[in-house]
Amino acid sequence: MRSAAGPVPDTRSAVDGVWTVRKELPIWLAVVCGLGLLVFLLSGQFFYLNLLTVALLFGGLAVSWNIIGGYGGQFSIAHSVFFAIGAYTAGNLFKHFDISPWISLIPAMVLSAGIAALVSWPVFRLKGPFFAIATMALTEVAIAFAMHFDLITGGASGLTIPYRAGLENMIFQARWAYAVLFLGYLAAALAVSVIVYRSRLGFYLQAVRDNENAAEASGINVLATKLKGMAISAALTGAGGVFYMMYVRIVEPAGLLSLFDVGVKIALIALIGGIGTIYGPLLGALLLIPLDYWLRAFVGSAVPGGNLMVLALILILGALFMKRGIFGALKQALDAVWRRQ
Amino acid sequence: MSAVHLGIETVSKRFGGIVAVNDVSFGVGSGDLVSLIGPNGAGKTTLFNILTGQLSPTAGRVVYEGADISRERPSRRARLGLGRTFQISQTLTSLTVLENAMIGAFLHHAALREAAETALAALEKVGLDHRAGELAGHLTLGERRRLEVARALSMEPRVLLLDEVMAGLNQTEVNRIVDLVLALNEAGHTIIVIEHNLKVVRAFSKRVLVLDRGNLIADGSASEVLSDPDVIDAYIGKKKR
């Protein structure tokens with residue numbers, strides 16, 4: 001159904017303006033290199049390096065979450081479940097079978113994706129807040145399971161793995177090595193996110209988010225699209241769990257599956273940073289993790305719960321005035337300046 | 001007129017106690033241009049939704065190219081070649097105009113660039129190419145209707161179902177869409193339109209189906225149907241005789 005009149009010159013730019021993965025690559029590289037430089041600069045500063053390490057981990061998790069939560073608009077707060085699956089898979093394989101966590105990445109990701117698809121299947125019939133509530137229930141079920149199967153999880157007292165430093169064990173003496181490790185994780189998650197966003201699946205996820213009716217009528221299998229997005233998102237989150245396990249070497253269900261410290265936090269970071277944008281969730285992690293720490297230390301110690309109140313206020317303001325988070329607001333401001341010139 | 005391409009057989013649709021479509025059968029031949037008219041609430045859009053799968057019929061079946069597609073999902077029917085627009089524009093507001101059309105184009109073009117080219121060609125046809133880069137949420141209602149057509153066109157469908165795409169358009173825009181529909185039909189597309197504008201229906205002039213309170217009350221050429229006393233009654237009320 002091509003126009004017989006041939007291409008019109010002045011609209012060709014519209015096609016050229018379509019951002020492909022190749023065009024996105026330099027930006028991705030610049031972001032990763034910039035963060036690498038930051039790791040290098042902070043490598044001697046213990047406190048800030050640790051903060052950055054955690055920020056990079058949560059950056060990777062939020063970027064992963066964003067694939068289904070942002071692009072696909074399915075607001076899951078159950079990603080802690082996939083995070084925990086990754087951690088328990090790597091922890092048990094390392095502890096009992098001496099399997100390198102690098103190898104464990106594969107079963108961890110497959111298991112996370114598989115379970116994610118399985119539990120999402122019925123839940124994806126629910127829309128908007130109902131979906132979010134169902135995922136919250138899923139977290140509670142997962143905690144109950146984790147407490148019960150103490151052979152795998154160590155029950156309430158947690159799962160500990162032995163300290164055996166070495167690259168093959170993903171356990172390092174130097175703290176900066178973990179920063180580099182999590183930077184690698186973030187870079188990989190970001191790369192997958194870019195590839196998804198700049199491909200048919202990314203467009204389909206957004207179409208499903210905006211209007212399921214229109215998506216179906218355009219030939220998009222809505223359920224299959226959601227399941228694909230969820231599986232990719234969960235696999236990446238599971239990988240994050242593997243890295244986290246090797247970083248802390250002890251995990252217990254209450255911490256790993258905590259709704260506020262993991263499940264909601266991941267979603268919150270993406271939401272405030274810029275839900276549905278490529279780099280927003282990363283920006284959110286870089287800002288929110290240090291802020292969260294600072295609030296805990298200073299506000300939380302003075303007024304119990306004060307840190308949460310400040311975070312809630314930020315979230316409310318963000319939801320009211322920045323639909324696409326801080327990243328979206330910045331982009332809008334830049335576009336306005338650009339247009340004025 | 002060739003053999004039946006898309007059709008329904010003794011289809012009824014009830015919503016609770018309300019009969020929206022009552023035992024309607026018709027077939028559309030390949031390459032036909034058919035107008036579906038009738039007063040508000042006659043069941044036209046319901047019939048469209050049954051054809052493209054947004055609704056399933058209470059009784060009867062939908063047939064496409066000799067196969068019963070009554071149980072197929074809308075996305076599957078789209079892949080089989082049924083493209084449609086919605087009476088209330090279903091715009092993807094967070095995407096650009098071009099990206100909206102690309103959503104349709106991806107059906108046959110997985111690569112981003114090819115999809116963009118197909119989408120842009122469709123936008124040119126409805127006269128929206130100059131707004132390709134804008135957010136679709138910024139479009140006026142009339143433009144959104146044209147965008148609906150562009151998205152459906154991008155799917156390169158074999159059958160195109162247009163639900164009141166002229167509503168809210170100005171005369172220039174109406175003429176443009178009329179020309180477009182005629183050209184598409186000339187190129188071999190099967191087209192079914194729901195239309196209120198009788199001038200437009202006359203312009204298409206081929207076959208007109210009239211629905212009134214869920215019943216198919218007339219089926220024939222435009223001149224025949226529009227002078228049918230039953231149709232006139234349905235539209236402007238019964239004359240005192």
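The values are calculated or read from the model by the stated rules, or taken from the named source; none is laboratory data. All of these numbers come straight from a predicted model, not from anything done at the bench. Please note: Cβ atoms are built from the backbone with ideal geometry, for glycine as well, and neighbour counts cover all protein chains shown. Accessible surface is based on the protein model in full, side chains and every heavy atom, while ligands, DNA and RNA are left aside. Shrake-Rupley method; radii C 1.70, N 1.55, O 1.52, S 1.80 Å.
Applying 1/(1 + (r/R0)^6) with r as the Cβ-Cβ distance of A:Leu313 and A:Ile27 and R0 = 30 angstrom yields a FRET efficiency of 0.40. Sorted on the mean count of surrounding Cβ atoms within 10 Å across their residues, most packed first, peptides A:85-94, B:206-215 read A:85-94, B:206-215.
Checking the table B:Lys44/B:Lys206; A:Lys23/A:Lys331; A:Lys127/A:Lys228; A:Lys23/B:Lys125; A:Lys226/B:Lys13; A:Lys23/A:Lys127 against a 23 Å threshold on Cα-Cα, which pairs fail? From the list (B:Lys44/B:Lys206; A:Lys23/A:Lys331; A:Lys127/A:Lys228; A:Lys23/B:Lys125; A:Lys226/B:Lys13; A:Lys23/A:Lys127), the Cα-Cα distance tops 23 Å for A:Lys23/B:Lys125; A:Lys226/B:Lys13; A:Lys23/A:Lys127.
Accessible surface buried by the A/B pair amounts to about 3100 Å², both sides summed, 1.4 Å probe.
In percent, what relative contact order does region B:68-221 have, based on Cα pairs under 8 Å that are 6 or more apart in sequence?
Averaging sequence separation for qualifying contacts and normalising by length gives 24 percent for region B:68-221.
Using a simple spin-label model with pseudo-atoms 7 Å out from Cα toward Cβ, A:Leu37 and B:Ala167 lie 5.6 nm apart. Axis angle, to the nearest 10 degrees, between helix B:112-126 and the longest C-alpha principal axis of chain B: 50 degrees. Rounded to the nearest 0.05, the FRET efficiency derived from the C-beta distance between A:Leu118 and B:Ala187 at R0 = 45 Å is 0.45.
Placing pseudo-labels 7 Å out from each Cα toward the beta carbon at A:Ala329 and B:Ser223 gives an inter-label distance of 6.7 nm. In this structure, A:Met147 and A:Lys127 have a Cβ-Cβ separation that, at R0 = 45 Å, corresponds to a calculated FRET efficiency of about 0.90. Counting only alpha carbon atoms, the long axis of helix A:264-274 and the longest principal axis of chain A meet at about 30°.
What is the sum of charges, Lys and Arg at +1 and Asp and Glu at -1, for the other residues whose Cβ falls under 11 Å from the Cβ of B:Arg73?
+2
For the protein assembly as shown, the fraction of 1.4 Å probe accessible surface lying on carbon and sulfur atoms is 63 percent. Think of a 1.4 Å ball rolled over the protein heavy atoms: region A:1-120 then has 45 Å² of accessible area per residue. Identify the trypsin sites (Lys or Arg not before Pro) of region B:13-74 meeting these criteria: DSSP loop state and at most 10 other C-beta atoms within 10 Å of the C-beta. Passing sites in region B:13-74 are B:Arg71. Highest-first packing order for the peptide set B:102-109, A:27-34 is B:102-109, A:27-34, based on the mean count of other beta carbon atoms within 10 Å.
Equivalent ellipsoid of region A:32-137: semi-axes from √(5λ) of the C-alpha gyration tensor, largest first, are 29, 21, 11 Å. Computed from Cα positions, the angle between helix A:306-321 and the longest principal axis of chain A comes to roughly 10 degrees.
Our analysis of region B:30-70 gives Rg over Rh at 0.99, with the two radii drawn from alpha carbon positions and Rh computed by the Kirkwood formula. Which residues among region B:1-42 fall inside the zone where the amide N is under 15 Å from a point 7 Å beyond the Cα of B:Asp68, along Cα→Cβ? Once the point is set 7 Å along Cα→Cβ of B:Asp68, B:7-12 turn out to lie under 15 Å by backbone N, inside region B:1-42. Most tightly packed first, judged by the mean number of other beta-carbon atoms within 10 Å of their residues, the peptides A:333-339, A:63-69 read A:63-69, A:333-339.
Count the net charge of all other residues whose Cβ sits under 13 Å from the Cβ of B:Gly31, scoring Lys and Arg as +1 and Asp and Glu as -1. Intermediate values should be presented prior to the final figure.
Values: positive: B:Arg158, B:Lys206, B:Arg207; negative: B:Asp32, B:Glu186.
Combined, the nearby Lys, Arg, Asp and Glu give +1.
Using a probe of 1.4 angstrom and keeping all protein chains present, the accessible surface of region B:48-106 works out to 35 square angstrom per residue.
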